[in-house]
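The values are calculated or read from the model by the stated rules, or taken from the named source; none is laboratory data. Keep in mind that what you see is a predicted model, and the values were worked out from it rather than measured. Cβ placement follows ideal geometry from the backbone for every residue including glycine, while neighbour counts extend to all protein chains displayed. Protein only, heavy atoms only, side chains kept; ligands, DNA and RNA dropped before computing areas. Shrake-Rupley method; radii C 1.70, N 1.55, O 1.52, S 1.80 Å.
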Amino acid sequence: MKLLEIKEFIDAKVLCGEEHLKREVAYACACDLMSEVLRLADKDMVLITGLTNIHVLKTAEMANIRTLIFVWGKLPDDTLVQEAKELDMVVLSTELPMYECCGILYKKGLGEPLEP
Amino acid sequence: MTNIYEMEYNVNNRDFVVAGDVSRIIKRTLQRIGVDPKIVRRVAIASYEAEMNIAIHSNGGRISAKIDTDKVLVCTQDFGPGIPDIDLAMTEGWSTATAEIREMGFGAGMGLPNMKKCSDVFEIDSQVPQGTTIKMTFWLT
């Protein structure tokens, strides 16, 4: 699924990475616990989270995750967005609650991550 | 084997702004010298978990990485308080993290099991109250 489609399905704002929206992703993980994310991480995985601290970005970098979606209308601070930009990541923010965001994307065919 | 890179850094207790940055340096170094991305990812995840554990649970410590032609070694040493029951600490989901740490996204009880899963050889030794040492080996060949 293209990131551009994801953006439209969940009516998200693009905080950075507009130029990378043609990228394809196959899996998603919705989680606020970063060790769980590291356990599941797949290289073309989208991370959906309600957590906005800098460790979301560090976790994503460690696990080669290049797309972050913040739910509940949450916005990370400028440092996270700036660092994400430098890492060529795409950062989206949607007003949807996590459950609804996941439900929409799952229904549209975004899969679950495979065990590494 | 010839040592290509060697680095060692302090990790301060509860300094969450910079915690994780040593693992970023390790990861970027491995990427720069062209190590297999799958191995880079395993080293990065394991060292990040180890580094966060020092920041969250210990009184501070050190993390080092040695990159040889045949392996990467990531070692941590902290200054206490040590782990009374290592088998229990290795159990998935078991954690002593506080609510504050959990709000930051840590304390899932997956750190040590993740480190073991990602590394080829995982060695841990802990003395109460002296501290914990972890040695993780990742084969490059």
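Would you pick out the residues in region B:103-140 that are in contact with a strand residue (DSSP E or B) (Cβ under 7 Å, 6 or more places away or on another chain), more than 26 Å from B:V17 (Cα to Cα) and not in a loop (DSSP other than H, G, I, E, B)?
Across region B:103-140, the qualifying residues are B:V121, B:F122, B:E123, B:I124, B:D125, B:S126, B:T137, B:F138, B:W139.
Identify, please: which residue in region B:43-91 is polar (S, T, N, Q) and part of a loop (DSSP other than H, G, I, E, B) and is, among those, farthest from the other protein chains (Cβ to nearest Cβ)?
So, considering only residues that are polar (S, T, N, Q) and part of a loop (DSSP other than H, G, I, E, B), the one farthest from the other protein chains (Cβ to nearest Cβ) is B:T69.
Give the residue that is least open to solvent (accessible area, probe 1.4 Å), with candidates limited to residues of region B:125-141 that are farther than 20 Å from B:N114 by Cβ and of a type outside the set (V, I, T).
B:G131
Name the residue that is farthest from B:I4 (Cα to Cα), counting only residues in region B:69-94 that are open to solvent by 30 Å² or more (accessible area, probe 1.4 Å) and polar (S, T, N, Q).
B:T91
Which residues, taken from region B:40-56, are open to solvent by 10 Å² or more (accessible area, probe 1.4 Å) and within 11 Å of B:V11 (Cβ to Cβ)?
B:N53, B:I56
Can you tell me which of (1) facing chain A (nearest Cβ under 9 Å); (2) over 26 Å from B:S95 (Cα atoms) is the one B:G34 doesn't meet?
(1)
Which ones in region B:2-22 are under 16 Å from B:H57 (Cβ atoms) and facing chain A (nearest Cβ under 10 Å)?
Once the filter is applied, which keeps residues that are under 16 Å from B:H57 (Cβ atoms) and facing chain A (nearest Cβ under 10 Å), region B:2-22 yields B:F16, B:A19, B:G20.
Counting just the residues of region B:1-23 that are closer than 20 Å to B:C118 by Cβ and surrounded by fewer than 19 Cβ atoms within 10 Å (Cβ to Cβ), which one comes out modelled with the lowest pLDDT?
That would be B:Y5.
From (1) surrounded by 14 or more Cβ atoms within 10 Å (Cβ to Cβ); (2) out of contact with any His (no Cβ under 9 Å at 6 or more places or on another chain), pick out the condition that doesn't hold for B:G34.
Every listed condition holds for B:G34 apart from (1).
Within chain A, considering only helices (runs of 4 or more DSSP H) that don't extend past its boundaries, which have at least 1 residues that are crowded, with 20+ Cβ neighbours inside 10 Å and either more than 14 Å from every other protein chain (Cβ to nearest Cβ) or polar (S, T, N, Q) (or both)?
Because the criterion is at least 1 residues that are crowded, with 20+ Cβ neighbours inside 10 Å and either more than 14 Å from every other protein chain (Cβ to nearest Cβ) or polar (S, T, N, Q) (or both), the helices (runs of 4 or more DSSP H) in chain A that meet it are A:3-9, A:34-40, A:54-62, A:98-107.
So which residues in region B:92-102 are within 12 Å of chain A (Cβ to nearest Cβ) and either in contact (Cβ under 8 Å) with a residue 24 or more places away in the chain or in contact with a strand residue (DSSP E or B) (Cβ under 9 Å, 6 or more places away or on another chain) (or both)?
Across region B:92-102, the qualifying residues are B:A97, B:I101.
Can you name the residue in region B:42-60 that is within 12 Å of B:C118 (Cα to Cα) and touching a residue at least 60 places away in the same chain (Cβ under 8 Å) and, of all such residues, is farthest from the chain's Cα centre (by Cα)?
Only one residue tops the list, namely B:R42.
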